[in-house]
Amino acid sequence: MINNPDEQDAASCREMLEVIEHFQRIAILVVGDVMLDRYWWGSVTRISPEAPVPVVRHERSTLAAGGAANVAANIAGLSGRPLLVGLIGDDEGGRELPLTLNAIGVETGHLISTSERPTTVKTRVVAHGQHVVRVDNEDTSPISQEQAQQVTEHVLSLLPESNVLVISDYAKGLLDSALLQSVIAEARRLGIPVLIDPKGMDYKRYAGATLITPNRLEAAQACGIDATDQRAVETSGHRLLDELEIQSCLITQGEEGMTLFRRDHAPVHLPAMARDVYDVTGAGDTVIAALSLSVGAGADLLTAARLANLSAGLAVEQVGTTVLGLELLREHLESLASTFRLEEQASKQAEHLG
Ligand SMILES: Nc1ncnc2c1ncn2[C@@H]1O[C@H](COP(=O)(O)OP(=O)(O)OP(=O)(O)O)[C@@H](O)[C@H]1O
Ligand SMILES: [Mg+2]
């Protein structure tokens, strides 16, 4: 166990409450692999006579933003302003994803439509609340040089109006090394923080980033470590900082919270806060959304990580949506602040009496 657990108090809650009041005017440029999550809900009445599989009678469909599009959705949920750059195909998914995003207040004018590849769509069949099968439609080969150039130029043109650059890498072929290096270099030149949710084995592509947010498995794999326990988290955190030109690293650990590694501080562990976990999918997207808004609002990395940890904890408790609203975060922070205040008063009184 990393023996430096985070200590929070009424003052740190007040600081977080101040930070979230600025979310509204923060523009986050989100670049990455956008996806559409499609759900087919139904019920099983019998086993197919054709093969030993259930027959699902389709009752309704729902759509949700996935991948980088879910990061943008989470930023909008927290009342920030996402500028979303990604590729969609000239197909049904490419029409549905913008509509899905617009319905939750995410502008889609910067999505680039291409005939070179399909929209990444994950279709899940769910019967009686049970996930029966998932069908993926995607082409994960690297995008063409011309396409990469077009995306790069688009990102460069949006950087000057952005407070933070977020790269949401789901390894679907968009983010090649040259594209990453040109947008990271330009963001740095402009003094814009770069936060990256990484994938894959080659983290050198992310050189120059302010912060990367792998989960513990991703961090261990990137370091060639064959374990995911606390010691592996600590080793990979230190190794990523030693071997990469990145300023900091936040390793998320599901129900065990997250650990922040910075160059000039000892690692700090933030325990998870969710009480009743309902749905953990997309928690990583909530983490980077809350982090980016906090950093954009001027918070230091520890305060930003605290806000991200609280936000993800609240998001996994939610039924029916993975997007957290600002009001819920504010309410939670206020009640946390008053709990700490009461505890602090009680311990002062005890001291006084003793
Ligand atoms: N079961 C859980 N209980 C409490 N908090 C959780 C749980 N799962 C996730 N979280 C919160 O969400 C954060 C991110 O979760 P996790 O480490 O699973 O990210 P991830 O693997 O990138 O997720 P995904 O890829 O599904 O979006 C955790 O650091 C924690 O704050
Ligand atoms: Mg993740």
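All of the numbers you see were taken from the coordinates with simple rules; none came from a lab. Here the structure is a predicted model, which means the values were calculated and not measured. Note: ideal-geometry Cβ built from the backbone for every residue, glycine included; neighbour counts use all protein chains shown.
Using modelled backbone amide H atoms (1.01 Å from N, in-plane), which distant-in-sequence or interchain residues come within less than 5 Å of Gly89's amide H?
Amide H neighbours of Gly89, under 5 Å, 5+ apart: Gly94, Thr114, Thr119, Thr120.
Among 119-125, 266-272, how do they line up from the highest to the lowest mean number of other beta-carbon atoms within 10 Å? Mind showing how you got there, number by number?
Values: 119-125: 20.9, 266-272: 17.6.
Order by mean packing, descending: 119-125, 266-272.
Angle check, please: helix 145-158 long axis (alpha carbons) against the longest principal axis of the chain (alpha carbons), in degrees 0 to 90, nearest 10.
40
If you count the DSSP beta bridges with both ends in region 107-196, what percent of them are antiparallel, to the nearest 5? Numbers along the way, then the final one.
Numbers: 7 of 10 bridges.
The antiparallel proportion sits near 70 percent.
Once you sort the root eigenvalues of the Cα gyration tensor of region 237-340 as a ≥ b ≥ c, which label holds: rounded (a/c under 1.5), prolate (a/b larger than b/c) or oblate (the other case)?
Values: a/c = 1.91, a/b = 1.58, b/c = 1.20.
Prolate shape, in that a/c is at least 1.5 and a/b is the bigger ratio.
I need the phi-derived Karplus couplings for region 168-185: 6.51 cos²θ - 1.76 cosθ + 1.60, θ = phi - 60°, integer Hz, Gly and Pro marked x.
10, 9, 10, 6, 9, x, 6, 9, 7, 4, 5, 4, 4, 5, 5, 6, 5, 4
As a test, work out the antiparallel percent of DSSP beta bridges whose residues both lie in the chain, rounded to the nearest 5.
Details: 28 of 59 bridges.
Taking every DSSP beta bridge with both residues in the chain, the antiparallel ones total about 45 percent.
Taking the Cα atoms only, what angle lies between the long axis of helix 68-77 and the longest principal axis of the chain, rounded to 10 degrees?
Tilt of helix 68-77: around 50 degrees.
For helix 326-353, what angle does its Cα long axis make with the longest principal axis of the chain, in degrees from 0 to 90 and rounded to 10?
So the inclination is approximately 20 degrees.
Using the Karplus curve 6.51 cos²θ - 1.76 cosθ + 1.60 with θ = phi - 60°, what ³J(HN,Hα) values do you get for each residue of region 222-232, in whole Hz, with x for Gly and Pro?
Those phi angles translate into 5, 9, x, 9, 9, 8, 9, 7, 4, 5, 5 Hz.
Arrange Cys13, Cys223, Cys249 by Cβ neighbour counts within 10 Å, fewest through most, would you?
Numbers: Cys13 22, Cys223 19, Cys249 27.
Going from least to most buried by this count: Cys223, Cys13, Cys249.
Based on the mean of other Cβ atoms within 10 Å per residue, sort peptides 332-338, 254-260 so the most packed one is first.
Highest to lowest by the protection proxy: 254-260, 332-338.
If you build the Cα gyration tensor of the chain and take the root of 5 times each eigenvalue, what three semi-axes come out, in whole angstrom, biggest first? Don't skip to the answer; put the middle values down first.
Working: eigenvalues 227, 138, 84 Å².
Equivalent-ellipsoid dimensions as semi-axes: 34, 26, 20 Å.
Which of the lysines could be linked to Lys199 by a straight reach, that is with a Cα gap under 22 Å, when you skip same-chain ones fewer than 8 residues away?
Cross-link targets: Lys122, Lys172.
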